[in-house]
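A short write-up of the structure that comes next.
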């Protein structure tokens, strides 16, 4: 109730003025309380930053990303350097050097990166270069393109100072030789610790970036590319809303443009968790879906620093570094039969 209306209606009586004064005081108090509440909310929100999340159990990678953020680096630097840790991890056999090869024995890498402005870069079917995520960043920053492929991507990387090397380690070669005995291909759910590293970060300024890197499905057909390097499928960042990254059978993620879908669902008001669950339901509820034979998982974060993760089957996990705690979190999942 506006004060001038109250005074007029009370005919300027003492009681009216007293009551009017009381109401004005209440109104002012309410306004102050709202400001205090907003300030508290803002402080709480800032207390959650910076943060890093990644697919699967990759605490060394998230630790490196957080190290970058705590040193004052931005989210883009954090996700690149975090992913580089796994690309150099030869024991992982699913990202970078030591990745399992295609059926012809070639280790081929896919990666993409996306910054707070919506700029992005990607490489597909890249060979002989360990740090595909860094090449993707160079594509974003030093070319007018978004995606480079195959030999062209390799030549570009070499021109930028990346040193070619043999990515097929003895362990991965032995595994490939054993596979060739029967040479059968079928996606096996959660057979490895992880098959992609997707990472999202929010820096102290509240800006979001993301990256995704993989050697793809083991023993895939030569030339196969999954969702990981495809903006909107394997990764999508909208600095006003949030970000999402996917892992699992890339063909199924591509068919639903999964990461873009999750971000758009968050734009409509869903929490990161709700958005991830809805995106998984789009896959499993498709006509003739054979979802029991493959895995897909999503992780997401919104502008508030709230996170979510969800998968088709159990054993998918998210690594989260926030408020000084670097931990692996098992995701809830759809198929509980």
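The values are calculated or read from the model by the stated rules, or taken from the named source; none is laboratory data. In this text the structure is predicted, and so the values were computed from the model without any measurement. Because the Cβ atoms are built from the backbone with ideal geometry, glycine has one as well, and the counts that use them run over all protein chains shown.
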| field | Residue ranges of strands (runs of 3 or more DSSP E) in region 84-179 with at least 1 members surrounded by 16 or more Cβ atoms within 10 Å (Cβ to Cβ) and on the phi > 0 side of the Ramachandran plot | value | 120-126
| field | Given (1) farther than 20 Å from residue 196 by Cα; (2) surrounded by fewer than 17 Cβ atoms within 10 Å (Cβ to Cβ), index of the condition residue 327 fails | value | (1)
| Do you know which residues across region 272-284 are farther than 16 Å from residue 212 by Cβ and touching a helix residue (DSSP H, G or I) at 6+ places or on another chain (Cβ under 9 Å)? | 272, 274, 275, 278, 280, 282, 283, 284
| request: Quickly run through region 239-282 and pick out the residues that are crowded, with 24+ Cβ neighbours inside 10 Å, touching a strand residue (DSSP E or B) at 6+ places or on another chain (Cβ under 6 Å) and either closer than 17 Å to residue 229 by Cβ or not assigned by TED's automatic domain parsing to the domain that holds residue 305 (or both). | output: 243, 244, 245, 246, 247, 248, 252, 253, 258, 259
| field | Selected residue (criterion: nearest to the chain's Cα centre (by Cα)) from residues of region 69-80 that are under 14 Å from residue 134 (Cβ atoms) and surrounded by 21 or more Cβ atoms within 10 Å (Cβ to Cβ) | value | 79
| said: Going through 298, 291 one at a time, which residue ends up being in the same structural domain as residue 229 (by TED's automatic domain parsing), crowded, with 17+ Cβ neighbours inside 10 Å and under 26 Å from residue 120 (Cα atoms)? | reply: 298
| query | Could you say whether any residue in region 211-219 is in contact with a strand residue (DSSP E or B) (Cβ under 8 Å, 6 or more places away or on another chain), at pLDDT 95 or above, assigned by TED's automatic domain parsing to the domain that holds residue 261 and closer than 20 Å to residue 277 by Cα? | reply | no
| query | Can you find even one residue in region 316-330 that is farther than 27 Å from residue 48 by Cα, assigned by TED's automatic domain parsing to the domain that holds residue 118 and touching a helix residue (DSSP H, G or I) at 6+ places or on another chain (Cβ under 7 Å)? | reply | no
